[in-house]
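If you scroll down you'll find the structure; I have some questions about it.
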Amino acid sequence: MANEITMEITGEAGQGMQTIGAALCQMFKNVGCHIFANQDFMSRIRGGNNFFQLRISDNPLFTLRQKSDIIIALDKASVALHRLNIADGGILILDRKQFNITEEDAVFFDIPFYDIATSTGGSKIFINSVSCGAIAGITGIEFRYVDQAMGVTFAGKSDEILRKNKDAARSGYDFVRNNFKRDTFRVTTGAIKDTRTLIMNGNDAVALGAIRAGCKFYSAYPMSPSTGIMEVIARYAKNFHIVVEQAEDEIGAVNMIIGASFAGVRSMTATSGGGFALMTEGLSLAAMTETPIVVVIVQRPAPATGFPTRTAQADLELVLHAGHGEFARVIYAPGTTDEAFSLTIKAFNIAEKYQIPVFVMTDQHLADSYRDVETFDLNKEKVQRHIISKEDSKKIKHYKRYQFTESGVSPRAVPSWIEDVIYADSDEHTEEGHITEDADIGRKMVEKRLYKKFSGLSQEIERPTAYKLEGADIVLLGFGSTYGVMKEVSDTATDKNIGFVHLSQVWPFPSSEMVALLKDAARVFTVENNAGGQLARLLRRETGFQVSGSLLKYDGRPFDLDDILNRIKKEG
C-alpha cells in the first residue's frame, strides 16, 4: 500500500462527520491498517464547519498531518475553507451540482452525493454513507469491508435503516469505481495480520480503566471534553454494579465522591478546567479527612468558557496548586490510550494507599483522538485495595482514624464494619478525629498529610519515557498528549537526530531522573499546548535546568507532525 494516506471529511455540524469517521476507522482497521483519527468540531449543534481527519498507514500512528490527500466536502463552504489543506497530488471530492460550483480545478473530483443519497436511501441524510463507499472505492478496498463497517456503525438501528445505509454506500462505491481512474490512493489489505485490535480514544480508555480498577460510584456534571467518560461508565454501569450520578454542579459532584469514598467504595469524577475550579474546596476537604478520590481533568482552552471543544495544556499549574492549604497529591498525565487505561487504575491504587486526591490530567486531543490499540494487558497494573477487611475490622478496639504512623498513612476502615464510632471533621483534629486547636497536634498533622505521605509517593513515581537521547542534536520534552507528535518527529526527522522525553507523571516531579536524562543534551525544547511554557517553568523550579526554548501552541488546536518539523527547521 501507499505508506500512508490522510483523508478528511468536512461539512456542517449535523451532517454526520462523526458517523462517517467511525465507519472509516472500523473499515480501515478491518483492512489491516494502523489508524489515527481526530474530530475538529465547533461548540454548536448545527452549522459552522466541522471536520474529521483520518490518517492510515502500515506503520503505527500517533499524531496528525497538516495536509490531507483526500478531502470530501459535504457543503459548499467547506470547499473554500479546506482547499488549501490539500496535499500535493491530492483531491477534493465535492458535489458540483448541489453546491452550484462551475469553476474548474484540477484537484476537484465531482460526485453527485445528494442525488445518490436521495435515490438510494430516500433522503440526503445518507450522504455520509455515500461518502464512506466513495472513500472505499478510491482506495481500492473490497466492498465487504464497507459492509462490515456499516454493520458495526449502525448496530442497533432497524433492518431498514441498515439496508438503506448499505445501499447508499454501495452506490457511492460503484460510482467511484466506474468514474475515478487514478490508482494513487489504493491500499493493499493485510498490512497488519491480526486485526483483532480495538479502536479507542482517551476518554474510552480512562473510563474502562476506572471500571477495571473497581470504581463503584461516579458523579459528574457534564462538561466538554470530559463527558465521554461518564457516557462510557454509564453504558456499562449495570454490568459492573456502578452507581452513576449526574450531579447538579461540580461542587456537588466532588462532594458526592468524597462521601461515597468515605463509605468505602472507589469513587471518581471527571471535568474540565472550569468545573475543576469549582471543586477546589472539596479537594481540601478530601485531603483533610484523608479520603481517597480520583479526579480526571480533561483540559480545554480558557479562561472562562474558552473554546469548549478544543484542546489545551494550560491547567498544569492550576492542578498542581489547587486547593487551599498544603497536602500531598499525585498528577498523572497519560500520553497514549494505553497509559490512560493503566494510569487510571494506578490512580485508584495510589489514592487509596495514601488516602489522598489523585489527578489524571488529559486534554481534548487525547480524549477525542482514536487509535487502533492492542487489547489491554489487564495484569500490567494490578488492582490493589488498601482498606481493613471486614473480618479484621470487627476485632479493632479504640479505633483511631487519623493515627500517627511512620508513613503518615493511618489504618482505614469502612464505618459500617467497625464497632467504634468513626469521627471525621474538616477542622484540624486529633488522631481520634475530634476537633482540636492544639498547636503541636496541628503541626504533626500537617507533616503527616504532606511530608510523610510525599516521601512515600516519591518512591512510586512513573519513570519518564526516554527515546533516542544518545547523540541527539535536539531533545523534545513534553507531557500528556504531546507524546504522539514527539514520537513521530523523532522517527521521521532526517536532517537532525531528535530524541524526546515524555512525562506521564508530573507530580511528584521526577527531579533526579530528569537531571540525569537532560544533563548531556545539546538543546532541549519543551512541546506544550499553552502560552506560558508551564512545563519548562516546573522543570526549572524543581531542578534548576533551563531549557533552550519552548515550542508552544495555544490556538486550541493540537500539534501535528509537519508543524513541529517546520519549527525545528526554523530553529536551525
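What pairs come up if the first residue lies in region 225-247 and is closer than 21 Å to V360 by Cα and among the β-branched types (V, I, T), the second is open to solvent by 30 Å² or more (accessible area, probe 1.4 Å) and assigned to a helix (DSSP H, G or I), and their beta carbons are under 6 Å apart, counting only those six or more places apart or on different chains?
V232/D204; V244/A234
Under 6 Å between Cβ atoms, at least 6 apart or on separate chains: pull out the pairs that start in region 60-72 with a residue that is in contact (Cβ under 8 Å) with a residue 60 or more places away in the chain and among the hydrophobic types (A, V, I, L, M, F, W, C) and end on any residue that is assigned to a loop (DSSP other than H, G, I, E, B) and open to solvent by less than 40 Å² (accessible area, probe 1.4 Å).
Pairs that qualify, where the first residue is in contact (Cβ under 8 Å) with a residue 60 or more places away in the chain and among the hydrophobic types (A, V, I, L, M, F, W, C) and the partner is assigned to a loop (DSSP other than H, G, I, E, B) and open to solvent by less than 40 Å² (accessible area, probe 1.4 Å), are L64/D560.
What residue, among those in region 255-273 that are over 20 Å from A304 (Cα atoms) and part of a helix (DSSP H, G or I), is nearest to the chain's Cα centre (by Cα)?
I257
Tell me, which residue of region 491-508 that is more than 30 Å from L318 (Cα to Cα) and either touching a Gly at 6+ places or on another chain (Cβ under 7 Å) or among the β-branched types (V, I, T) (or both) is surrounded by the fewest Cβ atoms within 10 Å (Cβ to Cβ)? Break it down stepwise before answering.
We begin by selecting, within region 491-508, every residue more than 30 Å from L318 (Cα to Cα); these are 491-498.
Keeping just the survivors that are either touching a Gly at 6+ places or on another chain (Cβ under 7 Å) or among the β-branched types (V, I, T) (or both) gives 492, 494, 497-498.
On the way: T492: 13, T494: 7, N497: 16, I498: 23.
Residue satisfying both the conditions and the ranking: T494.
Yes or no, residue by residue, for (1) aliphatic (A, V, I, L, M); (2) part of a strand (DSSP E or B); (3) open to solvent by less than 40 Å² (accessible area, probe 1.4 Å):
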{"residue": "M27", "(1), (2), (3)": "yes, no, yes"}
{"residue": "N30", "(1), (2), (3)": "no, no, yes"}
{"residue": "N38", "(1), (2), (3)": "no, yes, yes"}
{"residue": "R44", "(1), (2), (3)": "no, no, no"}
{"residue": "L61", "(1), (2), (3)": "yes, no, yes"}
{"residue": "R65", "(1), (2), (3)": "no, no, no"}
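Filter region 348-387 for residues that are among the β-branched types (V, I, T), part of a loop (DSSP other than H, G, I, E, B) and touching a helix residue (DSSP H, G or I) at 6+ places or on another chain (Cβ under 8 Å); which is farthest from K452 (Cα to Cα)?
Looking only at region 348-387, we keep the residues that are among the β-branched types (V, I, T), and these are 350, 356, 358, 360, 362, 373, 375, 383, 387.
Filter once more, so that each one left must be part of a loop (DSSP other than H, G, I, E, B): 356, 375, 383, 387.
Imposing the further condition that a residue be touching a helix residue (DSSP H, G or I) at 6+ places or on another chain (Cβ under 8 Å) reduces the set to 356, 383, 387.
On the way: I356: 12, V383: 24, I387: 19 Å.
Ranking the qualifying residues of region 348-387, first place goes to V383.
So which of A466, A522, A516 ends up being open to solvent by 40 Å² or more (accessible area, probe 1.4 Å), within 25 Å of S342 (Cα to Cα) and either hydrophobic (A, V, I, L, M, F, W, C) or without any contact (Cβ under 8 Å) to a residue 40 or more places away in the chain (or both)?
On the way: A522 fails: within 25 Å of S342 (Cα to Cα); A516 fails: within 25 Å of S342 (Cα to Cα).
A466 is the lone residue from the list that is open to solvent by 40 Å² or more (accessible area, probe 1.4 Å), within 25 Å of S342 (Cα to Cα) and either hydrophobic (A, V, I, L, M, F, W, C) or without any contact (Cβ under 8 Å) to a residue 40 or more places away in the chain (or both).
While we're here: Please indicate, with yes or no, whether at least one residue in region 259-272 is over 30 Å from S43 (Cα atoms), without any contact (Cβ under 8 Å) to a residue 12 or more places away in the chain and open to solvent by 70 Å² or more (accessible area, probe 1.4 Å). Spell out the reasoning first.
Taking region 259-272 first, the residues over 30 Å from S43 (Cα atoms) are 259-266.
Adding the requirement that they be without any contact (Cβ under 8 Å) to a residue 12 or more places away in the chain leaves 259.
Cutting the leftovers down to open to solvent by 70 Å² or more (accessible area, probe 1.4 Å) gives us none.
There is no residue in region 259-272 that is over 30 Å from S43 (Cα atoms), without any contact (Cβ under 8 Å) to a residue 12 or more places away in the chain and open to solvent by 70 Å² or more (accessible area, probe 1.4 Å).
Continuing with the same structure: Among the residues of region 349-361, count how many are out of contact with any His (no Cβ under 6 Å at 6 or more places or on another chain) and either open to solvent by 10 Å² or more (accessible area, probe 1.4 Å) or aliphatic (A, V, I, L, M) (or both). Walk me through how you get there before you give the answer.
If we filter region 349-361 for residues that are out of contact with any His (no Cβ under 6 Å at 6 or more places or on another chain), which is where we start, we get 349-351, 354-361.
Subset that is either open to solvent by 10 Å² or more (accessible area, probe 1.4 Å) or aliphatic (A, V, I, L, M) (or both): 350-351, 354, 356, 358, 360-361.
Qualifying residue count, region 349-361: 7.
Is there any pair with a first residue in region 101-129 that is on the phi > 0 side of the Ramachandran plot and a second that is part of a strand (DSSP E or B) whose Cβ atoms are under 7 Å apart and which are 6 or more apart or on different chains, and what are they?
none
Still on this structure, I have one more. Can you find a residue that is in contact with a Ser or Thr (Cβ under 7 Å, 6 or more places away or on another chain) and within 21 Å of E326 (Cβ to Cβ) anywhere in region 271-278?
no
Still on this structure, please answer the following. If I71 satisfies every condition in (1) in contact with a Phe, Trp or Tyr (Cβ under 6 Å, 6 or more places away or on another chain); (2) modelled with pLDDT of 90 or more; (3) part of a strand (DSSP E or B) but one, which is the exception?
(1)
Out of all the residues in region 439-448, which are open to solvent by 20 Å² or more (accessible area, probe 1.4 Å) and touching a residue at least 40 places away in the same chain (Cβ under 8 Å)?
Scanning region 439-448 gives K444, V446.
Taking region 292-313 as the region of interest, how many residues are in a loop (DSSP other than H, G, I, E, B) and buried (at least 22 other Cβ atoms within 10 Å of the Cβ)?
Of all residues in region 292-313, those in a loop (DSSP other than H, G, I, E, B) come to 292, 300-313.
Those left that are additionally buried (at least 22 other Cβ atoms within 10 Å of the Cβ): 292, 300-301, 310-313.
The qualifying residues number 7.
Can you work out which of the residues in region 68-115 that are among the polar types (S, T, N, Q) and more than 35 Å from the chain's Cα centre (by Cα) is surrounded by the most Cβ atoms within 10 Å (Cβ to Cβ)? Outline the logic, then answer.
Applying the first criterion (among the polar types (S, T, N, Q)) to region 68-115 yields 68, 78, 85, 98, 100, 102.
With more than 35 Å from the chain's Cα centre (by Cα) added as a condition, the list becomes 98, 100, 102.
Numbers: Q98: 17, N100: 8, T102: 6.
Selected residue: Q98.
Name the residue that is nearest to F454 (Cα to Cα), counting only residues in region 406-444 that are under 39 Å from the mean Cα position of the chain (by Cα) and polar (S, T, N, Q).
So, considering only residues that are under 39 Å from the mean Cα position of the chain (by Cα) and polar (S, T, N, Q), the one nearest to F454 (Cα to Cα) is S407.
Search region 383-429 for residues being crowded, with 17+ Cβ neighbours inside 10 Å and among the small types (G, A, S), and hand back the single one that is farthest from E290 (Cα to Cα).
For region 383-429, the residue satisfying everything is S393.
Residues G325, G335: which one is more than 25 Å from Q384 (Cα to Cα), out of contact with any Pro (no Cβ under 8 Å at 6 or more places or on another chain) and either at pLDDT 95 or above or of a type in the set (D, E, K, R) (or both)?
On the way: G335 fails: more than 25 Å from Q384 (Cα to Cα).
Being more than 25 Å from Q384 (Cα to Cα), out of contact with any Pro (no Cβ under 8 Å at 6 or more places or on another chain) and either at pLDDT 95 or above or of a type in the set (D, E, K, R) (or both) holds for just one of G325, G335, which is G325.
Can you find, within region 160-192, the residue that is farthest from D69 (Cα to Cα) among those that are among the hydroxyl-bearing types (S, T, Y) and surrounded by fewer than 19 Cβ atoms within 10 Å (Cβ to Cβ)?
Per the stated criteria, the residue is T189.
Just need a number here: residues in region 314-334 that are open to solvent by less than 10 Å² (accessible area, probe 1.4 Å) and either part of a helix (DSSP H, G or I) or within 27 Å of K487 (Cβ to Cβ) (or both).
Here the count works out to 7.
Name the single residue, out of those in region 137-159 being of a type in the set (G, A, S) and either closer than 14 Å to T188 by Cα or in contact with a strand residue (DSSP E or B) (Cβ under 8 Å, 6 or more places away or on another chain) (or both), that is most open to solvent (accessible area, probe 1.4 Å). Give the derivation first.
To start, the set of residues in region 137-159 that are of a type in the set (G, A, S) comprises 137, 140, 149, 151, 155-156, 158.
Adding the requirement that they be either closer than 14 Å to T188 by Cα or in contact with a strand residue (DSSP E or B) (Cβ under 8 Å, 6 or more places away or on another chain) (or both) leaves 137, 140.
On the way: G137: 2, G140: 27 Å².
Among residues in region 137-159 that are of a type in the set (G, A, S) and either closer than 14 Å to T188 by Cα or in contact with a strand residue (DSSP E or B) (Cβ under 8 Å, 6 or more places away or on another chain) (or both), the one most open to solvent (accessible area, probe 1.4 Å) is G140.
Would you check if T10 is in a strand (DSSP E or B), surrounded by 23 or more Cβ atoms within 10 Å (Cβ to Cβ) and hydroxyl-bearing (S, T, Y)?
On the way: in a strand (DSSP E or B): yes; surrounded by 23 or more Cβ atoms within 10 Å (Cβ to Cβ): yes; hydroxyl-bearing (S, T, Y): yes.
Taking the combined requirement at face value, the residue satisfies it.
Given G16, G47, which one is within 18 Å of V79 (Cα to Cα) and either in contact (Cβ under 8 Å) with a residue 40 or more places away in the chain or of a type in the set (F, W, Y) (or both)? Step through it out loud before you land on a result.
Working: G47 fails: either in contact (Cβ under 8 Å) with a residue 40 or more places away in the chain or of a type in the set (F, W, Y) (or both).
Only one candidate passes the filter, namely G16.
Still on this structure, I have one more. Take the residues in region 528-544 that are of a type outside the set (G, A, S) and touching a strand residue (DSSP E or B) at 6+ places or on another chain (Cβ under 8 Å); name whichever of them is surrounded by the most Cβ atoms within 10 Å (Cβ to Cβ).
Applying the first criterion (of a type outside the set (G, A, S)) to region 528-544 yields 528-530, 534-535, 537-543.
Next cut, touching a strand residue (DSSP E or B) at 6+ places or on another chain (Cβ under 8 Å) only: 528-530, 534-535, 538-539.
Numbers: E528: 26, N529: 28, N530: 21, Q534: 23, L535: 25, L538: 20, L539: 24.
By that ranking, first place goes to N529.
The values are calculated or read from the model by the stated rules, or taken from the named source; none is laboratory data. Predicted, not measured: the structure shown is a model, and the values here were computed from it. In this analysis, Cβ positions are derived from the backbone assuming ideal geometry, glycine residues included, and neighbour counts consider all displayed protein chains. Only protein heavy atoms, including side chains, enter the accessible area calculation; ligands, DNA and RNA are left aside. Shrake-Rupley method; radii C 1.70, N 1.55, O 1.52, S 1.80 Å.
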